[in-house]
Amino acid sequence: MRRARFFPLFALLSLLLLSTTPVALADRGSMSLTPGVSVYEPGQKAIIAWNGEEEILILSTDVSASGSTLALELLPLPSNPKAIEKASFESFVTLQDLIWRHAPAHYREIPAPGAKGIEVTFHEKIGAHDITVVKAGSASELTDWVEDFLRKNGIGQEFSLQKFEPFIWDYMARGFRFFVLDLMEFSPKQKSIEPILYRFETSFLYYPLKITSPVSGDTK
């Protein structure tokens with residue numbers, strides 16, 4: 001069996017690009033499940049490794065909310081993930097050290113800123129995360145399934161994915177069929193959520209920015 005090799009250059013370049021961009025859209029679409037409560041992602045951290053065939057994506061978001069609420073995060077993926085597992089905050093520190101040790105001098109001078117139907121392919125609770133991966137045949141089926149999924153998880157109040165639907169349609173028009181749903185508790189106190197590693201096949205370097213366009217506020 002051929003061993004997949006991931007080249008550090010892609011991860012280094014990815015973090016260099018992120019560290020020199022002061023404001024960007026966040027990585028996952030967060031939705032409050034409590035009426036009147038807004039959720040925010042003022043910061044994000046990511047490591048991307050890609051070898052031309054397979055990618056490893058490690059994500060952590062800084063989150064807060066205007067009140068206590070259960071929140072749902074939605075992450076589109078180009079293929080069904082081969083692995084989803086807990087990652088470590090130390091990975092960000094280690095890679096950041098490598099960047100500043102090996103990056104060109106002009107970078108080191110820049111300060112780093114703070115199918116039809118639905119098929120469930122994965123479900124597991126990992127720390128603060130309750131993660132479900134589904135394969136969707138259409139955007140309308142996905143939104144209907146998510147709303148039913150939330151009701152079955154005790155979310156009694158009315159909830160709609162309406163503002164996310166155009167972005168879900170866009171991802172599906174580009175061939176995305178797999179979506180990660182992550183249920184977590186948010187509160188007014190900002191905190192960094194423990195990172196999660198996603199490993200999946202892809203023929204292109206991928207980072208999910210567009211899905212969070214409807215989320216309020218700016219993200220570093």
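The values are calculated or read from the model by the stated rules, or taken from the named source; none is laboratory data. This structure is a prediction, so every number in the text was calculated from the model and none was measured. Cβ sites come from the backbone with ideal geometry, for glycine too, and all protein chains shown count toward neighbours. Just so you know, the surface numbers come from the protein's heavy atoms only, side chains and all, with ligands and any DNA or RNA stripped out. Shrake-Rupley method; radii C 1.70, N 1.55, O 1.52, S 1.80 Å.
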If I go through segment 32-46 residue by residue, how many of them are under 13 Å from the mean Cα position of the chain (by Cα), open to solvent by less than 20 Å² (accessible area, probe 1.4 Å) and either within 22 Å of Thr132 (Cβ to Cβ) or modelled with pLDDT of 75 or more (or both)? 2
What are the residues in segment 131-167 that are assigned to a helix (DSSP H, G or I), modelled with pLDDT of 80 or more and open to solvent by less than 10 Å² (accessible area, probe 1.4 Å), if any? Ala139, Leu142, Thr143, Val146, Leu150
Which residue is nearest to Ala173 (Cα to Cα), if the candidates are limited to segment 100-130 and must be at pLDDT 75 or above and of a type in the set (A, V, I, L, M)? Ile118
Residue selected from segment 168-194 under the condition under 14 Å from the mean Cα position of the chain (by Cα) and modelled with pLDDT under 80, by the criterion surrounded by the fewest Cβ atoms within 10 Å (Cβ to Cβ): Ser192
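Kindly establish whether Asp62 is open to solvent by less than 20 Å² (accessible area, probe 1.4 Å) and either at pLDDT 85 or above or of a type in the set (D, E, K, R) (or both). It would help to see each step written out before you state the result.
Numbers: open to solvent by less than 20 Å² (accessible area, probe 1.4 Å): no; either at pLDDT 85 or above or of a type in the set (D, E, K, R) (or both): yes.
No, not satisfied.
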